[in-house]
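Written below as C-alpha cells is the structure these notes are about.
The values are calculated or read from the model by the stated rules, or taken from the named source; none is laboratory data. Small disclaimer: the values here were computed from a predicted structure and weren't measured. Neighbour counts are summed over all protein chains in view; Cβ atoms, including those assigned to glycine, are modelled from backbone coordinates with ideal geometry. Areas reflect the complete protein model, heavy atoms only, side chains present, ligands, DNA and RNA absent. Shrake-Rupley method; radii C 1.70, N 1.55, O 1.52, S 1.80 Å.
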Amino acid sequence: PSPAMAPPGPPDGGWGWVVVFGAFVSIGFAYAFPKGLAIFFKEIQDFFGTSYSEIAWVSSIMLATTYGAGPISSILVNRYGSRPVVMFGGLLCGIGMVSAAFCTSILQLYICVGFITGFGLALNLQPSVIIIGKYFLKRRPIANGLAMAGSPVMLCTLAPLNQFLFDNFGWRGSFLILGAILLHCCVAGALFRPIGAATASVKTQATGEGKAALKEEVTKDAMEMSSPMSVPTETKMEEEEGKDCCEKINQYLDFSLFKHRGFLIYLIGNVLMFLGFFAPIVFLAPYAKHIGIDEYSAAFLLSILAIVDMIARPTTGIIANSKWVRPRIQYFFSFSIAFNGTCHLLCPLASGYTGLVVYSIFFGLAFGMVCAMLFETLMDLVGAARFTSAVGLVTIAECCTILLGPPIGGTLIDTFGDYKYMFLKCGAVMVLAGTFLFIMNYYNYRMLAKEEKERKAKEEDPKSVRTENEVRNNWNKETTQDGPELEPLKEEQDGLKKEVNGT
C-alpha cells in the first residue's frame, strides 16, 4: 500500500491496555472453559449412563471445534474486523450452554456444548490474538503474555465455581448460569475498538503490521531468507483480490508452507504431542474422585495446576527471550514437551492426595512452559510475514489429534477400569514427540548452517545466484523461472538489510 494510505502505527498503550483486558477475558474463556467442564463429567455420565470415552467426546469436540474453526475465524476477522466477530462468538457461547441445559441425550450435548459453544469460543480466540498485534508492536510480548494469562486465571476460578454451582443447582442449572457468564465475551468484544482511519481496510493494516514485524524479523534472524520474499507476493495478492476462489483461499492460508522444512518438523511434532496434551487435564478431577478424594479437593487440583501455570508462562517467556536460549528456542521447546510426558509417566506412582498435588504442580509447570512457547517457536521457524497462515494450517492439522486424545484416554479407562494406562499413553506419546522435535531440529539447524555457508560461498560467484535462490525458495516457483526477475527481489532484500542496519 502507498504511504498515503498507510494506517497509523500501533499506539503501544493507551486504549491498547483496555483491549488487552478484553482479550484476557475472551482468551481465558476460550482456553479454560473446555477444561473446567470436566468437573461435571462424572455426574453427567451417571445421569445418562454412558461410558468414560463417550463423555470425553464432549470436551474433545469442543476443543477440536475451537482449534479447527480458527481459519473461518481469521477469514471473518479479515472481512468484518475483530469487534463484531467476538461479540457474535460470545452470543453463540451463551446460546450453546443455555440450550445444553435442556438436553435429554448425550448426542444433543455434543451438538450444543461441543459444536455451538466450541465455535463461539473459536470466534473469541483468533480475533483477540490478532487485535493485540494491531495495538502493540514494541510491547507485544508483554501484551500477549498478559492476555494469555487469562487462561490459567479463568481455569483457577472456573474449577471451584463449577463445583459450587453443581452442588447448588445441579448440572442443568449450572449450564444455564455458565451460559449467562459466557455472554461476558460480548462485553469483552465491545472493547475491541477498530484502530486507525475508517477508510484504511483491515487487510491494509495486516500487511503494514506484517512489514513492520518483518523488519524486526530480518534483524533478529539474518538466516531467514524466505521472509523478505513473501512481502511482494502478499501485496500482489492484495491487488488481484477476488479474481479466483483458489487465490482467495491461498491469500488466507499459504499452502506453500508445506514445502518449508522447519514448518513440517514443527507440524509433525505438534500433531503427535496433542494426542497426549489435553487428556490428563480432562481426567484429573474424575481420577481424583475415583480414588475417593472429595469433590472440592478434586476441583482444587485444577486450581493448583492453573496457579503454577500462571507463574510458569511469563517466566518461560522471559527465559526463552534471554540471549542464551533465544537462538536455540526449539531445543527448549522439545525439552518442555518431553518433561511434560515424564510427569504423566510418573503420575501412576502418586498415591493419595499429596501425590496428586505434587503431580499437579509439576504438570502445571510443564503445561505452562509448552503453552508459552507454542506460537513463539512457530514464528521463529516461519518468520512473521507467514505467521498468520502458519497458525491457520497448524490448528487445522492439530484439531484431529486434539479430537482423538481424550476419547482414546477414555477408552483405555473403560477397558482396563484403571486410569494408570491413560496417563502412561499420554506420557509415552509426549516423550516421543519431544524426542522427535529435538533430533529433527538439530538436523534442521545443521542444514540451515550448511545452506548459509553455501550461500556465502556462492555470493562471490554471481552466475550461481539463480540456482542458490532456487534452493532457498523452491516454494516461490514463478520467481525462479527467469534470472533477471530475481534482480529487483535481490535488491529489495539488500535494501531491507541496509534499512535495518541503518536503524
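Annotations for the structure displayed:
- Residues in the stretch 328-359 that are in contact with a Phe, Trp or Tyr (Cβ under 6 Å, 6 or more places away or on another chain) and within 20 Å of Val370 (Cα to Cα): 4 in all.
- Residues (in contact with a Cys (Cβ under 6 Å, 6 or more places away or on another chain) and open to solvent by 30 Å² or more (accessible area, probe 1.4 Å)) located in the stretch 343-372: Phe362
- Filtered by the rule that a residue be touching a residue at least 12 places away in the same chain (Cβ under 8 Å), closer than 14 Å to Met97 by Cβ and open to solvent by less than 50 Å² (accessible area, probe 1.4 Å), the stretch 167-188 gives Trp171, Gly173, Ser174, Phe175, Leu178, Gly179, Leu182, Cys185, Cys186.
- Check on Phe416, modelled with pLDDT of 80 or more, touching a His at 6+ places or on another chain (Cβ under 6 Å) and under 19 Å from Pro348 (Cα atoms): no
- Residue in the stretch 274-296 that is surrounded by fewer than 19 Cβ atoms within 10 Å (Cβ to Cβ), closer than 30 Å to Leu393 by Cβ and in contact (Cβ under 8 Å) with a residue 24 or more places away in the chain present: no
- Filtered residues of the stretch 265-295 (kept if farther than 19 Å from Tyr31 by Cβ and either in contact with a Leu (Cβ under 9 Å, 6 or more places away or on another chain) or outside the structural domain of Thr377 (by the TED database) (or both)): Ile265, Tyr266, Leu267, Ile268, Gly269, Leu272, Tyr287, Ala288, Ile291, Ile293
- Count of residues meeting criterion [not in a helix (DSSP H, G or I) and not hydrophobic (A, V, I, L, M, F, W, C)] in the stretch 137-183: 2
- Test: residue in the stretch 275-291 that is under 23 Å from the mean Cα position of the chain (by Cα), small (Gly, Ala, Ser) and at pLDDT 85 or above: no
- Cβ pairs under 6 Å, 6+ apart, first in the stretch 386-405 and closer than 20 Å to Gly262 by Cβ and not assigned by the TED database to the domain that holds Phe375, second open to solvent by less than 10 Å² (accessible area, probe 1.4 Å) and assigned to a helix (DSSP H, G or I): none
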